[in-house]
Amino acid sequence: MFKAKPPPLDQLRQSYGMASLPDCIKTDAVGAYGHADSKPIGQATIDDIAFAIQALSTDSTTLFRRLDALRQLHDRARCAGGLGADLAIDSAMRIQEGGR
């Protein structure tokens, strides 16, 4: 018996590295209340994809900087002798104030 082909997006998602393709992407267009518009990926142009990549790249840079700052805070607090229930900022400041 004839088996129907899955939709194109589902076929692409079965390809290596494309399983995480989103249903929708943010575009460069501004919608209601100044928020970025989103568009179903099946209706996205190549330029729309480029703008989505650019926006995600900016978001990921911000996220990785925040992650790195939190790691540094954690490491400084531990190096200063802070324990799990201690306030991280207070512990990290011991190094700052001690001139280390």
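The values are calculated or read from the model by the stated rules, or taken from the named source; none is laboratory data. Quick caveat, the model's predicted, so the values are computed rather than measured. So basically every Cβ, Gly included, is an ideal-geometry build from the backbone, and we count neighbours across all protein chains shown.
Quick look at the numbers
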item: Those residues of the range 21-76 which are surrounded by 13 or more Cβ atoms within 10 Å (Cβ to Cβ) and within 30 Å of Arg94 (Cα to Cα), in sequence order; result: Leu73, His74, Arg76
item: Elements of type helices (runs of 4 or more DSSP H) in the chain, at least 1 residues being under 16 Å from the mean Cα position of the chain (by Cα) and either at pLDDT 95 or above or not charged (D, E, K, R) (or both); result: 46-79
item: Members of the range 28-45 that are among the small types (Gly, Ala, Ser) and under 24 Å from Pro7 (Cα atoms); result: Ser38, Gly42, Ala44
